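Q: Got a structure here, written out as structure tokens. Questions coming.
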Amino acid sequence: MNARRQPATSDAVDRKAPRADAQRNAALVLAGARRAVASKGLDVSYHEIAREAGVGVGTVYRRFPERDQLMAAVLRDILNELIRTAEASVECTDPWEGFTRLLSGLAIRTAENAGLSGTLDAYGGPDIAALRHRLLELIQQATERAQQAGALRDDVDWQDMPFLAQAAVTPGCFLGLPADPARGLRTLRVILDGLHCS
């Protein structure tokens, strides 16, 4: 006769709990890091990240002991999000609508993530380089599709698009006028109107 299966002991439960806890904490830290990076840039301190994540600074160090590791994780998360937007743009049946979604997505993410472009090399590595290459490929595809459809002026290059997206949402102020989000969206609409072949 088989021995009856014993219920899980508290020790076994305790051994499993930290794994779920660790995953939850890692997700909190990454989300907090993204918010902190968005407002402060990639030089943000671990203390500010911990405050945004709602965890102790020790938790941040345990999950990401190396700063480069955390910043690479943030960049990977942002780039993957942009790639999903770009893939949907390329798959859109209307090339101009797809291009508009792409440029808008680039502009919004640029505004949300201070200093993203200038730090891809500093916190990069092969995986970040591969993601960046994939995103650039998709930007090229979306731009050329819109041009081939006669919807996008042909005197611009696909490499202009990240700069145009960034120009729409330049942070800070000029002549004392704040670059608020509503102004950024209006600027983006003006840029898109100027690019569109009606």
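The values are calculated or read from the model by the stated rules, or taken from the named source; none is laboratory data. Because the structure is predicted, anything quoted here is derived from the model rather than measured. Glycine also receives a Cβ, built like all others from the backbone with ideal geometry; neighbour counts cover every protein chain displayed. Just the protein is used for accessible areas: all its heavy atoms, side chains included, with ligands, DNA and RNA removed. Shrake-Rupley method; radii C 1.70, N 1.55, O 1.52, S 1.80 Å.
Q: For region 44-68, how many residues are within 19 Å of the chain's Cα centre (by Cα) and in contact (Cβ under 8 Å) with a residue 24 or more places away in the chain?
A: 3
Q: Now for a separate question. Give the residue that is nearest to the chain's Cα centre (by Cα), with candidates limited to residues of region 147-164 that are within 16 Å of ILE83 (Cβ to Cβ) and in contact (Cβ under 8 Å) with a residue 40 or more places away in the chain.
A: Ranking the qualifying residues of region 147-164, first place goes to PRO162.
Q: Considering every residue within region 70-80, establish whether at least one is modelled with pLDDT of 90 or more and out of contact with any helix residue (DSSP H, G or I) (no Cβ under 6 Å at 6 or more places or on another chain).
A: Within region 70-80, one or more residues are modelled with pLDDT of 90 or more and out of contact with any helix residue (DSSP H, G or I) (no Cβ under 6 Å at 6 or more places or on another chain).
Q: If you go through region 177-198, how many residues are surrounded by 13 or more Cβ atoms within 10 Å (Cβ to Cβ), modelled with pLDDT under 90 and not in a loop (DSSP other than H, G, I, E, B)?
A: Count: 5.
Q: Here is a follow-up. For region 44-66, state whether one or more residues are exposed (fewer than 12 other Cβ atoms within 10 Å of the Cβ), modelled with pLDDT of 75 or more and within 22 Å of LEU131 (Cα to Cα).
A: Checked region 44-66: at least one residue is exposed (fewer than 12 other Cβ atoms within 10 Å of the Cβ), modelled with pLDDT of 75 or more and within 22 Å of LEU131 (Cα to Cα).
Q: Just to be sure I understand the filter: pairs with C-beta atoms under 6 Å, separated by 6 or more residues or on different chains, first member in region 131-146 and more than 14 Å from TRP96 (Cα to Cα), second member not in a helix (DSSP H, G or I). Which pairs pass?
A: ARG132/LEU120
Q: A further question follows. Examine region 115-132 for a residue that is under 23 Å from GLY184 (Cα atoms), modelled with pLDDT under 95, open to solvent by less than 40 Å² (accessible area, probe 1.4 Å) and not in a helix (DSSP H, G or I), and state whether such a residue exists.
A: Yes, region 115-132 has at least one match.
Q: Checking the condition at pLDDT 90 or above, open to solvent by 70 Å² or more (accessible area, probe 1.4 Å) and either of a type in the set (Ser, Thr, Tyr) or not in a helix (DSSP H, G or I) (or both), which residue from THR143, THR93, THR85, THR100 passes?
A: Answer to the selection: THR93.
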